[in-house]
1. Mind grabbing the accessible area of Asp421 for me, 1.4 Å probe, Å², rounded to tens?
2. Would you please give the residues with an amide H less than 5 Å from that of Ile145, counting only those at least 5 places away or on a separate chain, with H modeled from the backbone geometry?
3. If the chain between His307 and Gln386 were fully stretched, how many nm would it gain, using 0.36 nm times the residue separation less the Cα-Cα distance?
4. Rounded to the nearest whole Å², what accessible area per residue is found for the stretch 344-471 with the 1.4 Å probe?
5. What list of ³J(HN,Hα) values in whole Hz, one per residue of the stretch 186-192 in order, does the Karplus curve 6.51 cos²θ - 1.76 cosθ + 1.60 (θ = phi - 60°) give from phi, with Gly and Pro shown as x?
6. Which of the trypsin sites (Lys or Arg not before Pro) found in the stretch 412-489 are loop residues per DSSP with 12 or fewer other Cβ atoms within 10 Å of their Cβ?
7. Let me confirm the definition first: pairs of Lys residues in the stretch 358-424, 8 or more apart or on different chains, C-alpha distance under 21 Å. How many are there?
8. Among the GluC sites (Glu not before Pro) within the stretch 279-365, which fall in a DSSP loop and have no more than 11 other Cβ atoms within 10 Å of their own Cβ?
Amino acid sequence: MSSIITIAAYKQYVKEEPLLFPYTSSGKTRLTSSSSDPSLLVSSAGFPDFTRVVSKTIHAVVNVKNFSKKYSNQFDPFDFFFGFPDDFGNNRERKPQRNDIPGLHGSGVILSPDGYIVTNNHVIKDAEKIEITLNDQRTYKAKLIGTDPSTDIALLKINEKNLPFIYFSDSNKVQVGEWVLAIGNPFDLNSTVTAGIISAKNRSLGILRGETQSSIESFFQTDAAVNPGNSGGALINTNGELIGINTAISSASGNFIGYSFAAPSNLVAKVIQDIKKYGTVQRAYLGVKGIDLSKTEYLKVYNQETHQNIKSQQGFLIGEVFEKSGADDAGLKKGDIIKSIDGKPIQNIADLSFIVGTKHPGDKIRVIIIRNKQKKIFNVILKDLQGRKKIRTKEEITPSELLGAVFDPLSKESKKDLGIDYGIKIKEIRTGRLSAIGLEEGDIILSINGIKMKNPNDVNKVLKKYSGDVTIKSIKENGQVYIAGFEMN
């Protein structure tokens, strides 16, 4: 009877909002009785027993290998999450890798039986080839479906069927103090499981700001041990459901010293569903910037500059409202203190960025603010960066936008210097397919799928309505010929 009721509820939910990846918990789909019975999480000796949970999930966590020739002599804040071929990263100065030797190792999580895999963007960044190894040691070449540096998430695909996978859970229901398990490949040691608790929620670390100015950080903090190689792996609850993707640790040595951080599943789910359905993340913006009122040092400076005496408290102080944004249209003003959105309290900037980060352009949110010690309520319709209030279909998004670049024709002087009569130059580059495969501003694209690029419009002509593997041949600013690819669907 319980199963029938649950299935009926699930079917009703699917009618309301079809999902591209299996979702679970909170009535969205079924839970097996074995995993939902708390008594089965305790051994006969009275200690926690996670064997059933691990047996359900460990085969859905994979090893991700990044094959890249890219040079890097600089310290990467994510380096400690990779297993290195030479002494596990003790040698920081990297050598150029041949394409048949993996330069970086990380983890990934299978999300569907047909081979979609989520990992961190930094795990596969600049990869010329991505290789997936399952827990049973089967190996596959993965296709890069899309990335989102703002959340450090990437979506991969392998050609296989009937794969084990992990259901998503509602990360909003995760509580501080609950048991969690981290599964990944630390130091390239496959299928390692560690246990701990949720130590804190909504942590903003500032580690993604170097990737993009629109970074969204609202991490779970856990004390489950993770080390180099765990990045992109699963953080699961005691029902065996995915509540986060392990992303970073805080450590001077690069090894685990007590706590780690994971991107919450609700944010991950939104990003990968957008990538799969639209080809790019459809991001909404409130249109404000300001001060986290829990940061007393910033508040002190603000009070001095504005001659005010705002006390440290939970909330977000608006320092600027962008013109023609959703916040501007609704009437939010500089000096307003945002206290809640859609009934969820805003304690800090991480809360704000997470809630807005899970929304789409055109979504309406209910914002409660304090203005001149008075509570006011505003209904805000969110927009994208171009001011649009709707989700755009794949047909409305140009290939150049998906690539994340603006192109210029190649000058006569450059053509003469290079000895060619074709090519387009990358004038600007943003989050997109080109940045994900290592291209940069100033690089020259020679051809796409073997077709010579003579002017910027050729990009859209070649890729419009195209689905499948894309191969790009380019010349880097140092003169090196660079060939890389991705899948477009």
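The values are calculated or read from the model by the stated rules, or taken from the named source; none is laboratory data. Nothing here was measured: the structure is a model prediction, and the numbers come from that model. Neighbour counts run over all protein chains shown; Cβ positions are idealised from the backbone, glycine included. What goes into the accessible areas is simple: the full protein's heavy atoms, side chains included, and nothing from ligands, DNA or RNA. Shrake-Rupley method; radii C 1.70, N 1.55, O 1.52, S 1.80 Å.
1. Rounded to the nearest 10, the figure is 110 Å².
2. For Ile145, the qualifying residues are Leu155, Leu156, Lys157.
3. Separation in residues times 0.36 nm, less the Cα-Cα distance, equals 25.0 nm.
4. It amounts to 53 Å² per residue over the stretch 344-471.
5. Result, ordered by residue: x, 6, 6, 8, 4, 6, 9 Hz.
6. Counting only loop positions with at most 12 other Cβ atoms within 10 Å, the trypsin sites (Lys or Arg not before Pro) in the stretch 412-489 are Lys464, Lys465.
7. 10
8. Glu323
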